[in-house]
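**Student:** This is the structure I have questions about; it appears just below.
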Amino acid sequence: MHTVAVLALDNVIPSDLCTPIEVFERTRLTDGTAPYEVKVCGEGTVKSTAFALQPPYGLDAIRTADTIMLPGCVDPDVPEHVLAMLREAAARGARMATICTGAFILAATGLLNGLRATTHWMAADTLAERYPLVDVDPDVLYVDNGQFLTSAGAAAGVDLCLHMIRRDHGSQVAAQVARLCVMPLEREGGQAQFVAHSQPPTPQGATLEPLLQWLEENVATELTLDDIAARAGMSTRTLNRRFREQTGTTPLQWLHRARIRQAQYLLEASAYAVDVIATKVGFGSPTAFRERFKRVVGTSPYAYRAAFQSR
């Protein structure tokens, strides 16, 4: 069981506090077991703009947690003994991740010195000014430095949590959590989005549902727009319109995404060579596959496999 400690300090931002609780508690492995135990920890009564909270766990939960989440706070003023506990946790190897202005808490420990980090775009200049040794990048959704991770505001915290789940347990588990969170997964922001490059599920009963299933089953087949339209029994113009309405993209773009999703799975779960995977997911040229993969995922197939292949 992997313990996730969520630190609640005075003036904590409610949505930042709830994000890791929701995402990690929703996580289930393929056998149905819960891999994470979430502990909200703090000291005394924690006051927020919307509520007063009595955390069920004290600060000692930090000492044994595998992952420590630092939600954002309004004008965070972190007691020195809390910063010392975070430094001690880092020294023993605990993973630390921040949401929104939680980056200020981690920066105050000195643990981000010399590292790239991000925060909410409105606070980025202040973070850079206050902690000049931190390389602040305001244009990304999240930054993964290995042991220390930071994310931008609001929904970027969900992106970060899903990324961490994928690091821990692979794409299949992360994608299922993303669907439960009803989280759009194709997100821009200048950051390689390893999370789960799948389309949001099409509602059951939608007119394209059988066609999308057929496309998923035939990603290795060379298909043209005319082929897809013929399968759907409609003109290419009508097909494009229906796709835009129900998936937000075009048929061929959707097919390319489906091929990349299948490639991600094979890179994680199989020992096939990259060129073999390219053929299996419908790319006639390994070069075209590598270019498309990097464009969609943000990294090369080889780097992706090194980061996420199942242990």
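The values are calculated or read from the model by the stated rules, or taken from the named source; none is laboratory data. For clarity, every value in this text was computed on a predicted model and none was experimentally measured. As a convention, Cβ positions derive from the backbone with ideal geometry for all residues, glycine included, and neighbour counts pool all protein chains shown.
**Student:** Of the residues that make up segment 137-160, is at least one small (G, A, S) and at pLDDT below 80?
**Tutor:** yes
**Student:** Can you name every residue in segment 36-90 that is part of a strand (DSSP E or B) and polar (S, T, N, Q)?
**Tutor:** T67
**Student:** Something else: Which one of E43, E37 is out of contact with any helix residue (DSSP H, G or I) (no Cβ under 8 Å at 6 or more places or on another chain) and not hydroxyl-bearing (S, T, Y)?
**Tutor:** E37
**Student:** Within segment 111-146, which residues are loosely packed, with under 15 Cβ neighbours inside 10 Å and assigned to a loop (DSSP other than H, G, I, E, B)?
**Tutor:** Hits for segment 111-146 are N113, G114, P132, L133, D139, N145, G146.
**Student:** Kindly evaluate R237 against the criterion of being over 23 Å from A174 (Cα atoms), at pLDDT below 85 and loosely packed, with under 13 Cβ neighbours inside 10 Å.
**Tutor:** Considered against the rule, which asks whether it is over 23 Å from A174 (Cα atoms), at pLDDT below 85 and loosely packed, with under 13 Cβ neighbours inside 10 Å, R237 comes out as no.
**Student:** With a cut-off of at least 2 residues that are of a type in the set (S, T, N, Q) and under 25 Å from L162 (Cβ atoms), name the helices (runs of 4 or more DSSP H) lying wholly within segment 215-311.
**Tutor:** Here the list reads 236-247, 251-269.
**Student:** If you check every pair at least six apart or on different chains, which have Cβ atoms under 9 Å apart with a residue in segment 257-285 that is at positive phi first and a residue that is among the acidic types (D, E) second?
**Tutor:** Going by the 9 Å Cβ cut-off, the qualifying pairs are G282/E222.
**Student:** Now a separate question. Under the condition of being touching a Ser or Thr at 6+ places or on another chain (Cβ under 8 Å) and surrounded by fewer than 18 Cβ atoms within 10 Å (Cβ to Cβ), which residue from segment 79-97 is farthest from L111 (Cα to Cα)?
**Tutor:** L83
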